[in-house]
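Structure first, then comments.
The values are calculated or read from the model by the stated rules, or taken from the named source; none is laboratory data. Just so you know, these numbers come straight off a predicted model, no measurement behind them. All Cβ positions, even for glycine, are placed from backbone atoms using ideal geometry, and neighbour counts span all protein chains on display.
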Amino acid sequence: MPSSQFDEIPMLRAEPEPAPAAAGEPNPIRDAIAAAIEEHRVILFMKGTPEAPACGFSARTVAALQSLDVAFAAVDILPDPRIRQELSAISNWPTIPQLFVGGELLGGCDIVTEMYESGELAQALL
Amino acid sequence: MPTAEDIKQRIEAAIPGAHAEVEDYTGGGDHFRATVTAEAFAGRSRIEQHRLVYEVFGGEIGGAIHALALKTQTAAQTQTPSEPGASHAQQPVR
């Protein structure tokens, strides 16, 4: 599978800022995450990259997507802890990976794996 | 370090009528696998079911508790052929 299939999202690798943005203040990381979720029909927030997952749960989720031969954007949350912080604030979901389809959280590793095994994942990604 | 029994008791205390089977699958007190059966899950999506369990632990998920693999079901769903708590988390996806 060509690596160009996984869109890089450089906005999420923004320069570090001193403190988390408070409510009402500009929050470029949260805005970039929200925009990425809106712009990519299938987007996976994970630890590491599809080529080099840094966690077994992320690896398993990538494997499910790849076995269905579906194109997906991937964002590595590890470079900056605020990515995970802001992602979880948006999604109300505490763990990584998180798979979004059509702007909605589909699930983490457990749900994606369950849906893969039941065939529901292929349906959801049609 | 919480034990599998701690995790089980906290889930069962927080979700009325819940039954939890919890395994500490690394033995390190920070990676758990739980199968939770509760009528409270009826009519809720998988996402909402898992959120109910995650909410029991708040910020501990991703903190002291590195991983909590979940399988959630209602009592009516326990008849499914797969072995509860095992197949979903261990079976590799190819």
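Can you pull out the residues in region B:12-54 that are surrounded by 17 or more Cβ atoms within 10 Å (Cβ to Cβ), touching a residue at least 40 places away in the same chain (Cβ under 8 Å) and more than 21 Å from residue A:114 (Cα to Cα)?
B:15
Of the residues A:105, A:87, A:121, which single one is aliphatic (A, V, I, L, M), without any contact (Cβ under 8 Å) to a residue 40 or more places away in the chain and in contact with a strand residue (DSSP E or B) (Cβ under 9 Å, 6 or more places away or on another chain)? Quick ask: steps written out before the conclusion?
Numbers: A:87 fails: without any contact (Cβ under 8 Å) to a residue 40 or more places away in the chain; A:121 fails: without any contact (Cβ under 8 Å) to a residue 40 or more places away in the chain.
Exactly one of A:105, A:87, A:121 is aliphatic (A, V, I, L, M), without any contact (Cβ under 8 Å) to a residue 40 or more places away in the chain and in contact with a strand residue (DSSP E or B) (Cβ under 9 Å, 6 or more places away or on another chain), namely A:105.
When you check residue A:78 against the structure, is it under 23 Å from residue B:72 (Cβ atoms) and touching a strand residue (DSSP E or B) at 6+ places or on another chain (Cβ under 9 Å), yes or no? Spell out the reasoning first.
Numbers: under 23 Å from residue B:72 (Cβ atoms): no; touching a strand residue (DSSP E or B) at 6+ places or on another chain (Cβ under 9 Å): yes.
No; evaluated as a whole, the condition is false for this residue.
Of everything in region A:41-59, what is of a type in the set (D, E, K, R) and either without any contact (Cβ under 8 Å) to a residue 40 or more places away in the chain or closer than 15 Å to residue A:88 by Cβ (or both)? Give them in sequence order. First the steps, then the outcome.
So in region A:41-59, the residues of a type in the set (D, E, K, R) come out as A:41, A:47, A:51.
Scanning region A:41-59 gives a single hit, A:47.
Residue-wise test of (1) farther than 20 Å from residue A:36 by Cβ; (2) within 13 Å of chain B (Cβ to nearest Cβ); (3) of a type in the set (A, V, I, L, M, F, W, C).
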{"position": "A:48", "(1), (2), (3)": "no, no, no"}
{"position": "A:87", "(1), (2), (3)": "no, yes, yes"}
{"position": "A:98", "(1), (2), (3)": "no, yes, no"}
{"position": "A:102", "(1), (2), (3)": "no, no, no"}
{"position": "A:112", "(1), (2), (3)": "no, yes, yes"}
{"position": "A:124", "(1), (2), (3)": "no, yes, yes"}
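Looking at region B:55-67, is at least one residue more than 9 Å from chain A (Cβ to nearest Cβ), under 12 Å from the mean Cα position of the chain (by Cα), at pLDDT 95 or above and crowded, with 19+ Cβ neighbours inside 10 Å?
Within region B:55-67, one or more residues are more than 9 Å from chain A (Cβ to nearest Cβ), under 12 Å from the mean Cα position of the chain (by Cα), at pLDDT 95 or above and crowded, with 19+ Cβ neighbours inside 10 Å.
Do any residues in region A:63-75 that are more than 14 Å from chain B (Cβ to nearest Cβ) and in contact (Cβ under 8 Å) with a residue 12 or more places away in the chain have Cβ atoms under 9 Å from those of residues that are in a helix (DSSP H, G or I) and of a type in the set (D, E, K, R), where the two are at least six apart or on different chains, and which pairs are they?
A:73/A:39
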